Amino acid sequence: MNQRIASLALVVDDYDEAIQFYTKKLHFDLVEDTKESDTKRWVVVRPKGEGTCSLLLAKASNEEQRTRIGNQTGGRVFLFLHTDNFERDYQNLLQHDIKIVREPSVHEYGTVAVFEDLYGNRWDLIEPKV
């Protein structure tokens, strides 16, 4: 059996501001931006590197979905961004005024810091120990 998670849906308030954040501040690649209707687009971003999992930026289309923007996991860390250079990427977060929730710390599994995206979703930035 060969299975993988290809994408995760991330509920956003606005396609363009989300694209701007992920591509300009986190330096993700914009993989696809296809208009499906007057109100819906298929927008996919992905971190640079060897990984294949991407984020489908899904604009909230009703009030229930809007309540999930920035809090898809009830305040827990939602996404885990692995890096080959923690210091470089941590400095990038600081330079772009991205909110740091938990300062860097070293653990058995690697170096980690927690940050929030433009909507408040929590991310771990992790450089795994080799």
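The values are calculated or read from the model by the stated rules, or taken from the named source; none is laboratory data. Here the structure is a predicted model, which means the values were calculated and not measured. Glycine gets a Cβ as well: all are built from the backbone with ideal geometry, and neighbour counts include every protein chain shown. Just the protein is used for accessible areas: all its heavy atoms, side chains included, with ligands, DNA and RNA removed. Shrake-Rupley method; radii C 1.70, N 1.55, O 1.52, S 1.80 Å.
Points worth noting:
- Residue within region 120-128 that is in a loop (DSSP other than H, G, I, E, B), open to solvent by 40 Å² or more (accessible area, probe 1.4 Å) and more than 21 Å from residue 17 (Cα to Cα) present: no
- One residue stands out in region 36-58 among those that are outside any loop (DSSP other than H, G, I, E, B) and among the small types (Gly, Ala, Ser): the one that is surrounded by the fewest Cβ atoms within 10 Å (Cβ to Cβ), namely 54.
- Region 65-111 - residue that is surrounded by 13 or more Cβ atoms within 10 Å (Cβ to Cβ) and among the hydroxyl-bearing types (Ser, Thr, Tyr) and, of those, nearest to residue 7 (Cα to Cα): 83
- Scan region 1-28 for residues that are modelled with pLDDT of 95 or more and either among the polar types (S, T, N, Q) or touching a Pro at 6+ places or on another chain (Cβ under 7 Å) (or both) and the total you get is 4.
- Only listed residue being under 17 Å from the mean Cα position of the chain (by Cα) and either on the phi > 0 side of the Ramachandran plot or touching a residue at least 60 places away in the same chain (Cβ under 8 Å) (or both), chosen from 51, 70: 70
- Among residues of region 104-119 that are within 21 Å of residue 75 (Cα to Cα) and charged (D, E, K, R), none has a beta-carbon under 7 Å from a residue that is open to solvent by less than 10 Å² (accessible area, probe 1.4 Å) and not in a strand (DSSP E or B) at least six positions away or on a different chain.
- Meets criteria (outside any helix (DSSP H, G or I), among the aliphatic types (A, V, I, L, M), in contact with a Ser or Thr (Cβ under 8 Å, 6 or more places away or on another chain) and more than 13 Å from residue 115 (Cα to Cα)) for residue 11: no
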